[in-house]
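The values are calculated or read from the model by the stated rules, or taken from the named source; none is laboratory data. This one's a predicted model, so the numbers in the text were calculated from it and none came from an experiment. All Cβ positions, glycine included, derive from the backbone under ideal geometry; neighbour counts span all protein chains shown.
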Amino acid sequence: MEKTEFVKNIINAPLSVRVGRVLLRIGCILFFIMAAFNIAVFVLAFFNEETRNQYVLAPVAAKAIVFYAQPLLAVLFVLAAIGGLCYLSDRFRFKRMCSLAAVILLVVFVIDTVLSVRNLIYDLVSPDITAGTAWATFLISLIDIQLSGGLYFIGWAMQKDYMGD
């Protein structure tokens, strides 16, 4: 399909498809932003000895898993964002990554929600962590995966049939 044909098809697409494209694009942008934040938080926390020891010696293994998964999560965010942008432009072989990432995000969404709620409960019960810090950590986690991944998945789902995927 030529580029002009592709552009005409998108302009003439149903409203739900155009909204899906916008949501997917916003999800991709949020993935790039959250990948940068995840790397920054990991590096800053890793080089802070007190914080690093808190995660290494954490009584709750889920905290350590979430902490050490941040770099991997950042790489996956970037790959999913690139795949989404390739999917939107309907170019390159990498566009298949968008569909795979959207399905994986659905699973990660559920797992991250469970771990985030679990960590929130442990943090609220812990005498070492203030309630404000616990809720702030929970909200950052909520924005990290649930918002960006949710927009990405919904955008992909709204336009996947139109794109022939």
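Figures for the structure shown
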quantity	calculated
Qualifying positions in the range 1-44 - at pLDDT below 80 and part of a helix (DSSP H, G or I)	Lys3, Thr4, Glu5, Phe6, Val7, Lys8, Asn9, Ile10, Ile11
Leu142 under 30 Å from Ala13 (Cβ atoms) and modelled with pLDDT of 80 or more	no
Inter-residue pairs, beta-carbon under 8 Å, first at pLDDT below 75 and in the range 91-112, second not polar (S, T, N, Q), 6+ apart	Phe92/Cys86; Lys95/Gly83; Lys95/Cys86; Lys95/Tyr87
Members of the range 150-165 found to be modelled with pLDDT under 85 and assigned to a helix (DSSP H, G or I), listed by number	Gln159
From the options Asp123, Asp128, residue that is closer than 15 Å to Phe67 by Cβ and not aromatic (Phe, Trp, Tyr)	Asp123
Extreme residue, modelled with the highest pLDDT, among residues of the range 45-61 that are assigned to a loop (DSSP other than H, G, I, E, B) and not β-branched (Val, Ile, Thr)	Phe47
